[in-house]
Amino acid sequence: MTSMAANAMSAKAKAMLSNRLTANDYQVLLQKKSVSEVASFLKNNTYFKDVLDGINESAIHRGQLETLVRMDLYNRISRLLRYSDKKEEEFYRLVVSQSEISIIVDCIRSFHTNDKTIMISKMPTYIQGKISFNLKELSKADNFDELLAVLKHTDYYNIIKKYKTINMDEFDYVGLEHDLNRFHFEKVFDVVNRNYSGQAKKEILEVYLVEIELDNIAKIYRLKKYFNVGPNQIKSLIIPKYLYFSSREIDDIILNKKADDILNVLANSPYKNYLSNKNFMYIEYHTKSIFYNYNKHNISFSNNTDLVLMSYVFLSKIEIQNIVDIIEGIRYRVAPEKISRLLIY
Amino acid sequence: MAIEKMKFVQVSCDLEHLNDALMTMYNSNLLHVEQAYNVIDEDNGGKLVKSDNVYSEYCNTLKNICHRIGMDINVEKSKNTYTNEEIESFINELETKFALVDSNETVTLNEDDKIALEKLSECDFVKIHKCQYISIGLGRIPVESYKKIDMHDNKFIYVNLHNANRYYWIAYATSNTYVKETLKVLESLFFEPIKIPEINVKKVIEEYRDKIIDVYAYCEQQCTICKLYDYVAQFDDKYVISGFVPVSKVDAYKQKFNSIPVTVDVLEAENSGKCSIPTLLKNNAFFKPFELFVDMYSTPKYGDIDPTMFVAITYCILFGIMFGDLGQGLLLFVGGEILYRKTKNRLAGVVSRVGITSMIFGFLFGSVFGLEEVLNPVHQSLFGVREKLFNVMDGSNTMTLLIGAVLIGAVLILVTMLLNIYKNIKHKEWGEVLFSQNGVAGFIFYGFILVGIGMMFLANNNIFSPLTIGIFIILPVLCFFFKEPLSHLLEGKGITPESGWGNFVLETVFEVLEIALSFVTNTMSYLRVGGFVLSHAGMMLVVMTLVEMTGNAGPVVFIIGNIFVMCLEGLIVGIQALRLEYYEMFSRYYDGNGKKYQVLTSIE
């Protein structure tokens, strides 16, 4: 990418981020009484107006609104990538890869429930062309053999093959998701190592390492607190990549710390600068807040265009999750103050 | 410059023919009808006619039904008559027939929904609802979901009826056994169902359309008649419709009633009792557009003078002087005339007429689209002058121009005084004629001073002597001062002023001072006429300088500059000329306060 194109993309990403929902927008959204009102507000007052143009907001289905909001992220990334070259395209593939993993897991779940409606409704057909397998064929798969036939030419084939079983009642979803995520991050590191060097490589790797490390900590907390899982099994379920915590420190947390101590560990770590000042609600809220603030910092201060693009994608995903939380909260009549505590902004 | 003579016309008939008479009057477009309470009084024993207007209710109900079912009513003339019972029963029938539509009322269908429904209506809605073993549904499904329908093992068939930006509109059919399963699949695809109406409203509308329109037209006609009862006075068993008709139209109005047994009495307008006589201005085609300015100020009273012609002449002259340009005047004339002929807009008529005077003065000033020397050869050959007849931009002409403007103003003030004297003689207001500032006293006072000053400067002859000052200045001032007691004397009343001598003296001292001051300020006000001549020429000079500066782009600047000056200057000059009409002239001779002649349809 030429430096001019890089600057253009960076500037565009920063400009697009400046349009994100404000605290005031969230307050207005929280006061809405129905999904229609949320849709109407988003359509008329936010940058989602383009993706929501033409919808029938008075009768819009919650699921469709969520789909459109999610779809908008891909549209925005595509707009940014107009300035990019092959390297950035590979990052787009990485974003798509996460969707692919969700689709495969949903498909396997449907073998268990014998109900494909959820899987099909969640399928992002708007990126069908970018997905490495055929969605329509996948939707017809009723068992592992049929699924493997669809995935035969993809990298997922060997991972899924290991889990092939007839007895779905004892299926190891945690293991499957862990393996798929691990595979995803391997691909990430491969892309970074191939395309970058020096300081740029260090900065970009750091974003993913932060994501992995925070995800590991949340996982450790949850497994210790709610599932009483032993240290060896916890170790097998985390991705062995380290940034601010060394391997020894993580082992120490797994072996010696109680779940509630993990919060203190976080508060005394280099992540303390990114901690949210809200009271504890649940572990993912804190790890995601840290990740949000970390990425916001990158966007504000980094000159590395690809880093800005990545942070933009991460922040947008958090924003989309906020909107989804509001929509679902309103749909299930959760009090606005309770929904508000879930939002990260 | 006239006001149309009026006759007071009363049409009497019995109750049986009253409705016909009212409709004839209403459709004649000739009668300025008077409210019945103006016609009746205790002496003549007249009564107001009361009527319960049930037809207004019927009209509203029919309109509501039509709105609900999406039918437009184009009112035509009713072909049949209906009794109230028939109308009510028809409304009930419509309510019952379209009641099924109401259940759908909470759902607002957009245009795309309607297109899909229209397409589905090819299968009869009634037949769709009659299906016993098959369930048929309609709805919109997001584009993304539409692609996914075939991913399911469907137990239903579907057809695409319509599609737009974000949705597809589909109709599905399934066996009753699979309804639940089908709905679950569609629900998961964010399908938004649209209720299929139980009847095909469009088809039913077509069945009823003619009758609905006919009944509505009848009700509206009856409703109009009921409203007209306000204009009917009842004298025993006679019903009388009264109003004013221009003398020239009386016969035409009478003829309208030939087919109805009525008595038409034509009286002098002055014998109309409590009714105030309306004014219909009558001017020729050239002056007609200027009625706009008179109407804007106030319609003249019946019997007063119509100032339209005077306004037209003075307005055209003042505008022409201030906006003197042969080319721009021609454009105003042509543009105004085309617009006036097309739209009958009176302001356009005014523009076209002032365009003529603008051309005349433009020719005299030798100015064509700001080109000040184009007409020099013509002037030289016609008037035998060295350059041009009158060079506005020549500094030595500036004083001549300003003095000329003041002179025009002085003459106009004197003429307006004469008009005021004429008006008051007509009304036999002798006090106003003789002693007022705009009467004979004012005319002598102002005229003498003007002549005196003129003689002093032009003929070097001072006519101001103690005798002339005493007769032509002090005496008129005394007339202004004692106008009220002197007027009372002429009218045969007591000489004492109404507010007493003390108050009278105090008020009148200030009034006389104000009169003297107003003569000066009114005269000076006309300086603006000269000012705008200079302003117009100055603006065009700027345009021409810019044209020279811009080289090749000159023609474009020339056109834009002319358009700019025409719009800006035209507007300002138009307003200033109107200001002179209203403030300096109308205030001296014109009261208005008349009632405009309006036929019933235009009143409504």
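The values are calculated or read from the model by the stated rules, or taken from the named source; none is laboratory data. Model, not experiment: these values are computed from the prediction. A quick note on method: Cβ atoms are made from the backbone with ideal geometry, for glycine too, and the neighbour counts reach across all protein chains shown.
Considering each of A:N273, A:N303, A:N293, A:N298 in turn, give the residue that is more than 27 Å from A:Q31 (Cα to Cα) and either within 19 Å of the chain's Cα centre (by Cα) or modelled with pLDDT of 85 or more (or both).
Working: A:N273 fails: either within 19 Å of the chain's Cα centre (by Cα) or modelled with pLDDT of 85 or more (or both); A:N303 fails: either within 19 Å of the chain's Cα centre (by Cα) or modelled with pLDDT of 85 or more (or both); A:N293 fails: more than 27 Å from A:Q31 (Cα to Cα).
Only one candidate passes the filter, namely A:N298.
Under 6 Å between Cβ atoms, at least 6 apart or on separate chains: pull out the pairs that start in the stretch A:123-138 with a residue that is assigned by TED's automatic domain parsing to the domain that holds A:E90 and end on any residue that is assigned to a loop (DSSP other than H, G, I, E, B).
Listed pairs, sorted by first residue: A:T125/B:K147; A:S132/A:T154; A:F133/A:T154; A:L135/A:M123.
Go through (1) surrounded by fewer than 13 Cβ atoms within 10 Å (Cβ to Cβ); (2) assigned to a loop (DSSP other than H, G, I, E, B); (3) touching a residue at least 24 places away in the same chain (Cβ under 8 Å) for A:D142 and report which single condition fails.
Among (1) surrounded by fewer than 13 Cβ atoms within 10 Å (Cβ to Cβ); (2) assigned to a loop (DSSP other than H, G, I, E, B); (3) touching a residue at least 24 places away in the same chain (Cβ under 8 Å), A:D142 violates only (1).
This table checks each residue for (1) surrounded by 16 or more Cβ atoms within 10 Å (Cβ to Cβ); (2) free of Cβ contacts under 8 Å to residues at least 12 places away in the same chain; (3) in a loop (DSSP other than H, G, I, E, B).
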| residue | (1), (2), (3) |
| --- | --- |
| B:D43 | no, yes, yes |
| B:S51 | no, no, yes |
| B:E57 | no, yes, no |
| B:I73 | yes, no, yes |
| B:N80 | no, no, yes |
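Look at B:F363 and say whether it is buried (at least 19 other Cβ atoms within 10 Å of the Cβ), touching a residue at least 40 places away in the same chain (Cβ under 8 Å) and in contact with a helix residue (DSSP H, G or I) (Cβ under 9 Å, 6 or more places away or on another chain). Quick ask: steps written out before the conclusion?
Details: buried (at least 19 other Cβ atoms within 10 Å of the Cβ): yes; touching a residue at least 40 places away in the same chain (Cβ under 8 Å): no; in contact with a helix residue (DSSP H, G or I) (Cβ under 9 Å, 6 or more places away or on another chain): yes.
Here the answer is no, as B:F363 does not meet what is asked.
Tell me which residues, restricted to the stretch B:252-299, are of a type in the set (A, V, I, L, M, F, W, C), over 21 Å from B:K595 (Cα atoms) and assigned to a helix (DSSP H, G or I). Before you say what the answer is, go through the steps one by one.
Initial filter on the stretch B:252-299 (of a type in the set (A, V, I, L, M, F, W, C)): B:252, B:257, B:260, B:262, B:264, B:266-267, B:269, B:275, B:277, B:280-281, B:285-287, B:290, B:292-294, B:296.
Still in the running and over 21 Å from B:K595 (Cα atoms): B:252, B:257, B:260, B:262, B:264, B:285-286.
Selection gives B:A252 alone.
Looking only at the stretch A:280-324, which residues are over 20 Å from A:Q98 (Cα atoms), out of contact with any Lys or Arg (no Cβ under 7 Å at 6 or more places or on another chain) and not aromatic (F, W, Y)? Lay out the reasoning, then the answer.
Taking the stretch A:280-324 as the starting set, the residues that turn out to be over 20 Å from A:Q98 (Cα atoms) are A:280-283, A:285-286, A:289-290, A:293-294, A:296-305.
Now narrow it down to the ones that are out of contact with any Lys or Arg (no Cβ under 7 Å at 6 or more places or on another chain): A:280, A:282, A:285-286, A:289-290, A:293-294, A:296-298, A:300-305.
Residues satisfying the conditions are A:H286, A:S289, A:I290, A:N293, A:K296, A:H297, A:N298, A:S300, A:S302, A:N303, A:N304, A:T305.
Filter the stretch A:107-131 down to the residues that are more than 11 Å from every other protein chain (Cβ to nearest Cβ) and buried (at least 18 other Cβ atoms within 10 Å of the Cβ) and list them by number.
Within the stretch A:107-131, the subset more than 11 Å from every other protein chain (Cβ to nearest Cβ) is A:107-114, A:129-131.
Passing the criteria: A:C107, A:I108, A:S110, A:F111, A:I131.
Which one of these is at pLDDT 90 or above and surrounded by fewer than 18 Cβ atoms within 10 Å (Cβ to Cβ): B:I444, B:I413, B:I495, B:I463?
Values: B:I413 fails: surrounded by fewer than 18 Cβ atoms within 10 Å (Cβ to Cβ); B:I495 fails: at pLDDT 90 or above; B:I463 fails: at pLDDT 90 or above.
Just a single option satisfies the conditions, and that option is B:I444.
For the stretch B:512-552, enumerate the residues that are among the charged types (D, E, K, R) and touching a Lys or Arg at 6+ places or on another chain (Cβ under 9 Å). Lay out the reasoning, then the answer.
Initial filter on the stretch B:512-552 (among the charged types (D, E, K, R)): B:514, B:528, B:548.
Passing the criteria: only B:R528.
Which condition does B:G137 not pass, out of (1) under 19 Å from A:G54 (Cα atoms); (2) more than 9 Å from chain A (Cβ to nearest Cβ); (3) touching a Pro at 6+ places or on another chain (Cβ under 7 Å), if it passes all the others?
The one condition B:G137 does not meet is (1).
When you check B:E122 against the structure, is it part of a loop (DSSP other than H, G, I, E, B) and either in contact with a Lys or Arg (Cβ under 6 Å, 6 or more places away or on another chain) or more than 14 Å from chain A (Cβ to nearest Cβ) (or both), yes or no?
Working: part of a loop (DSSP other than H, G, I, E, B): yes; either in contact with a Lys or Arg (Cβ under 6 Å, 6 or more places away or on another chain) or more than 14 Å from chain A (Cβ to nearest Cβ) (or both): yes.
Yes: the conditions hold for B:E122.
Residues of the stretch B:390-410 being crowded, with 17+ Cβ neighbours inside 10 Å, at pLDDT below 85 and not aromatic (F, W, Y), which ones? I'd like the intermediate steps shown before the answer.
Start the filter on the stretch B:390-410 by keeping residues that are crowded, with 17+ Cβ neighbours inside 10 Å, which leaves B:390-392, B:401-402, B:404-406, B:408-410.
Filter once more, keeping what is at pLDDT below 85: B:390-392.
Answer for the stretch B:390-410, where residues must be crowded, with 17+ Cβ neighbours inside 10 Å, at pLDDT below 85 and not aromatic (F, W, Y): B:N391, B:V392.
State the number of residues belonging to the stretch B:140-170 that are assigned to a loop (DSSP other than H, G, I, E, B), within 11 Å of another protein chain (Cβ to nearest Cβ), of a type outside the set (K, R) and without any contact (Cβ under 8 Å) to a residue 40 or more places away in the chain. Step through it out loud before you land on a result.
If we filter the stretch B:140-170 for residues that are assigned to a loop (DSSP other than H, G, I, E, B), which is where we start, we get B:147-148, B:152-155, B:164-166.
Restricting the remaining residues to those that are within 11 Å of another protein chain (Cβ to nearest Cβ) gives B:147-148, B:152-153, B:164-166.
After this cut, where a residue has to be of a type outside the set (K, R) as well, the list is B:152-153, B:164-165.
Okay, now just the ones that are also without any contact (Cβ under 8 Å) to a residue 40 or more places away in the chain, so B:152-153, B:165.
Residues meeting the conditions: 3.
Could we say that A:Q98 is in contact with a His (Cβ under 7 Å, 6 or more places away or on another chain) and at pLDDT below 90 here? First the steps, then the outcome.
Numbers: in contact with a His (Cβ under 7 Å, 6 or more places away or on another chain): yes; at pLDDT below 90: yes.
The answer is yes for A:Q98.
What's the number of the only condition in (1) modelled with pLDDT of 90 or more; (2) closer than 13 Å to B:I141 by Cβ; (3) under 49 Å from the mean Cα position of the chain (by Cα) that B:Y216 fails to meet?
That leaves (2) as the condition not met.
Go over the candidates A:Y312, A:Y294 one by one and state the one that is surrounded by fewer than 21 Cβ atoms within 10 Å (Cβ to Cβ), among the hydroxyl-bearing types (S, T, Y) and assigned to a helix (DSSP H, G or I).
A:Y294
Considering the stretch A:314-335 alone, what residues qualify as being among the basic types (K, R) and under 17 Å from the mean Cα position of the chain (by Cα)?
We begin by selecting, within the stretch A:314-335, every residue among the basic types (K, R); these are A:317, A:331, A:333.
Within the stretch A:314-335, A:K317 is the sole residue that qualifies.
Against the conditions (1) farther than 23 Å from B:V411 by Cβ; (2) over 45 Å from the mean Cα position of the chain (by Cα), where does B:E507 fall short? Just the number, please.
(2)
Tell me, please, whether a residue that is surrounded by fewer than 19 Cβ atoms within 10 Å (Cβ to Cβ), under 18 Å from the mean Cα position of the chain (by Cα), under 30 Å from B:K184 (Cβ atoms) and hydroxyl-bearing (S, T, Y) can be found in the stretch A:76-98.
No, the stretch A:76-98 contains no residue that is surrounded by fewer than 19 Cβ atoms within 10 Å (Cβ to Cβ), under 18 Å from the mean Cα position of the chain (by Cα), under 30 Å from B:K184 (Cβ atoms) and hydroxyl-bearing (S, T, Y).
What's the number of the only condition in (1) within 14 Å of chain B (Cβ to nearest Cβ); (2) within 27 Å of A:E337 (Cβ to Cβ); (3) surrounded by fewer than 17 Cβ atoms within 10 Å (Cβ to Cβ) that A:Y47 fails to meet?
Unmet for A:Y47, out of (1) within 14 Å of chain B (Cβ to nearest Cβ); (2) within 27 Å of A:E337 (Cβ to Cβ); (3) surrounded by fewer than 17 Cβ atoms within 10 Å (Cβ to Cβ): (1).
Does the stretch A:60-71 contain at least one residue that is over 30 Å from A:I166 (Cβ atoms), over 19 Å from the mean Cα position of the chain (by Cα), away from chain B (no Cβ under 14 Å) and not in a helix (DSSP H, G or I)?
no
Here is a list: A:V150, A:V174. Which entry is within 23 Å of A:E100 (Cα to Cα), part of a helix (DSSP H, G or I), at pLDDT 90 or above and not assigned by TED's automatic domain parsing to the domain that holds A:L263? Break it down into steps so the answer makes sense when it comes.
Working: A:V174 fails: at pLDDT 90 or above.
Answer to the selection: A:V150.
Does B:I305 meet the test of being of a type outside the set (G, A, S) and in a helix (DSSP H, G or I)?
Values: of a type outside the set (G, A, S): yes; in a helix (DSSP H, G or I): no.
No: the conditions fail for B:I305.
How about the stretch B:517-528: which of its residues are in contact (Cβ under 8 Å) with a residue 24 or more places away in the chain and assigned to a helix (DSSP H, G or I)?
Step one: list which residues in the stretch B:517-528 are in contact (Cβ under 8 Å) with a residue 24 or more places away in the chain, which gives B:518-519, B:522-528.
B:S518, B:F519, B:N522, B:T523, B:M524, B:S525, B:L527, B:R528 - these are the residues of the stretch B:517-528 that are in contact (Cβ under 8 Å) with a residue 24 or more places away in the chain and assigned to a helix (DSSP H, G or I).
Which count do you get for residues in the stretch A:61-89 that are among the aliphatic types (A, V, I, L, M) and modelled with pLDDT of 85 or more?
Pass one, the stretch A:61-89, residues among the aliphatic types (A, V, I, L, M): A:65, A:68-69, A:71, A:73, A:77, A:80-81.
This time we only want the ones that are modelled with pLDDT of 85 or more, so: A:65, A:68-69, A:71, A:73.
Looking only at that region, the number is 5.
Any residue in the stretch B:180-194 that is aromatic (F, W, Y) and within 14 Å of chain A (Cβ to nearest Cβ)?
The initial filter retains those residues of the stretch B:180-194 that are aromatic (F, W, Y), namely B:190-191.
Of the ones still in play, those that are also within 14 Å of chain A (Cβ to nearest Cβ) are B:190-191.
Yes, the stretch B:180-194 has at least one match.
Somewhere in the stretch A:94-102, is a residue within 14 Å of chain B (Cβ to nearest Cβ), free of Cβ contacts under 8 Å to residues at least 40 places away in the same chain and within 24 Å of A:Y208 (Cβ to Cβ)? Spell out how you get there, then give the answer.
So the first thing to find is which residues in the stretch A:94-102 are within 14 Å of chain B (Cβ to nearest Cβ), and the list is A:99.
Okay, now just the ones that are also free of Cβ contacts under 8 Å to residues at least 40 places away in the same chain, so A:99.
In the following step, the residues that additionally are within 24 Å of A:Y208 (Cβ to Cβ) were identified as A:99.
For the stretch A:94-102, residues within 14 Å of chain B (Cβ to nearest Cβ), free of Cβ contacts under 8 Å to residues at least 40 places away in the same chain and within 24 Å of A:Y208 (Cβ to Cβ): present.
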